[in-house]
Amino acid sequence: MSISDLIEQQVQERPDAVAVRHPGQDDGPGGRLTYRELGRAANRLAAHLRARGIGRGDRVATSLRPGPETVTAFLGIVRAGAVCVPLDPADRAQRRRLIVRDSAAVAVLTGSAGAADYAGLDTVVLALDAEAPEIARRCDALPEQRTGPDDALWVCYPSAATGAVGAVEGVVVPQRAVLDLVRSTGPLRPDSDGVVARAGAGPAFDAVAFAVWTALASGAGPPDGRTGTAVGGRWPGRCRTGSSCAAKVSGSGRSSRC
């Protein structure tokens, strides 16, 4: 059982329930996604990444602003068999470029406006807005899953580990660690705004894991048409401190340093 498998259960059982929504843009284009829409969009992106030669174990960085597109990118990367390396586009370009190099990311998913920040790196830069027509033509069927609990899911770069110029240190988090978190949370219920988890709650890695993977994998509450994972504010693309991230995950003996 993988994170993708758990989310696919929700796609099959509750296809029309809202999976992700952007507060303030609920009724706009791309402001919300149902589980069916999220699943199909992620599958198309996964097919696109595989067509580019990206597969199991490859690391793919994301440099995207908060919104359903970002969550789709996370799931699409995982369904391609690859590993997410989230970047905060609000961070200085030097830090983001260091992380891309240190993580050995084979690709960076970004927008056309941010593509120049990664020029000259030994990686493929995919501007999702520019490649949207090609991605839309990809197969939206669930790709064959090639990963499991022991495969890496995420690479987190604690902000405290980047105090020295030119120094970064990442923590590799396996799917098993997040699966344990998902299973330990129990049933989730929406708050008064119909939100189960807010991805903008804070920049810590464990907040990302809870807000995105836990909420999506558990179904994000009852299918009342408004529930879902809300994404907004500053994107939590990094750990708050080295100790809070590494201790929480490494303490189980299931993660490793890059």
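Please treat every number below as a calculation from the coordinates, not as lab data. Predicted model only: the values in this text are computed from it and were never measured. Don't worry about glycine lacking a Cβ; one is built from the backbone with ideal geometry, like all the others, and counts go over all protein chains shown.
Quick rundown of the values:
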read-out	value
Full-extension gain in nm, residue 146 to residue 90, via 0.36 nm per residue minus C-alpha separation	16.9 nm
Difference of contour (0.36 nm per residue) and Cα-Cα distance, residue 9 to residue 56	14.7 nm
Rel. contact order, % - alpha carbon contacts under 8 angstrom, at least six apart, segment 51-120	42
Within segment 55-157, GluC sites (Glu not before Pro) in DSSP loop having at most 10 other beta-carbon neighbours inside 10 Å	144
Cut-off 19 Å, label 7 Å out along Cα→Cβ of residue 184, residues of segment 79-103 by amide N	none
Distance between modelled label sites at residue 130 and residue 169, nm, 7 Å Cα→Cβ extension	3.7
